[in-house]
Each structure stands twice: as C-alpha cells, then as structure tokens.
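Working notes for the structure below.
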Amino acid sequence: TPLTVILGFTSILREGVDGPHRRFVDLIERSGRRLLTTLDNVLDLAQLESGTLEVDAQPHNVLDIIDSVAGETRSVAEEKGLDFETELPEQALYAEVDYELLARALDHLVDNAVKFTDEGNITLRARTESSSTDGREDATDDREEQVLIEVVDTGVGIHDQFIPDLFSVFSQESSGMDRDYQGSGMGLPVAARLIERFDGEVQVETQKGAGSTFTIVLPQTEAAPSSNRTQRAQVA
C-alpha cells in the first residue's frame, strides 16, 4: 500500500539524517504507523460487521497466546518505564478460538493498558472460574468452566459515566486536539467484537485514578486429541 511505501522510505531516510531533522523523521514514522493501525482496525470492523471475517476456531492453549503477546509488548511497556509482569498457571488452559484473532484482541487490550498508564505496572493473568449457566450464583448444577484472561494496569482509570460507551467505535473519555492520549478509540470495540466470535465477552472493572482491569471471558474446552502447538501469526 502507499502507506507501507512511505514507512519504508522513512526508515531509509532516518539513516541519513541527525539532529532536529531526525526528530521530524521519527514523527513521520510514528504518525504513519498510527494511521496504519487505524486503517487495519477499520478493515477489521467492516469485516466483523458484515460477517465476512474468516474465523478458524480450534482448541488452543491460551497461555501460548498470552506468552506471545507479552513477548511482543513487554519492550514497549518498559520503554515507558513500566513494569510488565505475567502471572500464569502451570497447567494449560484450552479454549476454542482462532489463534491469530485472539492474539489480536489481546494486543488491543494490552496496547490500551500501556497507552493509559504513565507509571506503575501492567500485569497479564490467566485463570479458570466456574459460572452458572442460568446466572444464579447458588446454582450447583449446569455450571461451566470459563477461561479468564486479565489485563491489569495502574493507569488513569475511567469515570463511571463513560463505561457504557467504552466499547463503542471512536469513543474516548476525552476528545479534541488537547486530549492527553492520542488514538482512534477503535481498539476496544474491535477486541470486544473479536471475542464475541468465540462466544466470549470482554468485561471491565475500573476506577478513575486507580487503574483498570479488562477481562476476556471464554468458555473452557478440552485439548484437541492430537494438536500441534500453533505459532502465532504476525498481526498488525
């Protein structure tokens, strides 16, 4: 695409400049990559809304996906001076998902946590939880096991009044040129819609000034009889 060409030549141009001009080139590259991410999100949303997104859902160990996402985003968090931690069980946790699409959804949640956290830490956790199928906490029958993937941050948090629109497209708590955090407001809606394709949901617990916890909830499943570990595909 034309944008890919621009980013490619920007990388070449950086090698031949220094001083204040180097900052201008870096700004071009950052802006270009942000625009590329926005375009990818628009395409994802269009496919999700039209039902044309190809989904290859199979039993996968979600811990492999978490490790992969953590490996790619840890350096970004550490560049901001944030601690990046994972708290994962030793036993595999299986859910029927599309490996690449779950990784993409988790990428969005982690990127959101890093963006809105200026100090402290980001933690990725995974666990299982039993849930009643009829919604009653005291029910002992018809309970199903769920896999929970939690993205915990010590960031700015969110006011209660903005939570209902949190997964709406182009929604952010602040808007305009003077807002502190740049972005299209599309990452969370894309993540939520991707998780819905696996009969799951994204939940949020947050308090303004005290950080947020975004939780991916998925039905737990058994491992495939003979499944090879799938390497994560490169996602934008």
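Values in this text are rule-based calculations from the coordinates and carry no lab data. Quick caveat: nothing in here was measured; it's all calculated off a predicted structure. All Cβ positions, glycine included, derive from the backbone under ideal geometry; neighbour counts span all protein chains shown.
Here are a few things to note about the model shown:
- Phi-based couplings in Hz for segment 202-209 (Karplus 6.51, -1.76, 1.60; Gly and Pro marked x): 10, 10, 9, 10, 8, 9, 4, x
- Relative packing of 53-59, 107-113, 191-197, which averages over residues the other C-beta atoms within 10 Å, highest first: 107-113, 191-197, 53-59
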